[in-house]
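Colleague: Here it is, the structure, as structure tokens.
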Amino acid sequence: MTAPISGHDVEKLKKNALIATIVGFVCGGAIPGVLGLLGYLKADQEPETAKKFTKWAWIAFAIMWVLAIIFIVIYVVFIVAMVNSGSTY
């Protein structure tokens with residue numbers, strides 16, 4: 001059983017989960033957005049579960065951005081290598 005959480009903490013948790021939802025859907029994809037939304041919806045009944053969902057939403061958001069940056073770097077390296085190879089058609 002979890003300890004009761006004050007209304008201020010629940011509101012803070014809901015605010016953080018809402019921010020994770022919006023930022024996740026707009027900038028990170030569906031996975032962080034859905035996790036943030038689950039955190040927002042669970043904040044009133046199960047605050048500990050909501051904290052976990054919100055934390056994982058931010059972690060998924062960071063992972064998505066790191067993967068995107070890695071893929072962009074690989075793409076640029078690949079394009080530069082193709083241009084420098086000097087092959088013509």
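Colleague: Would you say VAL10 is in contact with an Asp or Glu (Cβ under 7 Å, 6 or more places away or on another chain) and in contact (Cβ under 8 Å) with a residue 12 or more places away in the chain?
Modeller: For VAL10, the condition - in contact with an Asp or Glu (Cβ under 7 Å, 6 or more places away or on another chain) and in contact (Cβ under 8 Å) with a residue 12 or more places away in the chain - is met.
Colleague: Would you check which residues across the range 35-49 are small (Gly, Ala, Ser) and in a helix (DSSP H, G or I) and list them?
Modeller: GLY36, GLY39 - these are the residues of the range 35-49 that are small (Gly, Ala, Ser) and in a helix (DSSP H, G or I).
Colleague: Any residue that is over 9 Å from ALA17 (Cα atoms), in contact with a Leu (Cβ under 7 Å, 6 or more places away or on another chain) and modelled with pLDDT of 95 or more - is there at least one of those in the range 42-59?
Modeller: The answer is yes, given that some residue of the range 42-59 is over 9 Å from ALA17 (Cα atoms), in contact with a Leu (Cβ under 7 Å, 6 or more places away or on another chain) and modelled with pLDDT of 95 or more.
The values are calculated or read from the model by the stated rules, or taken from the named source; none is laboratory data. Being a predicted model, the structure only gives us computed values, none of them experimental. We place every Cβ from the backbone using ideal geometry, glycine too, and count neighbours over all the protein chains shown.
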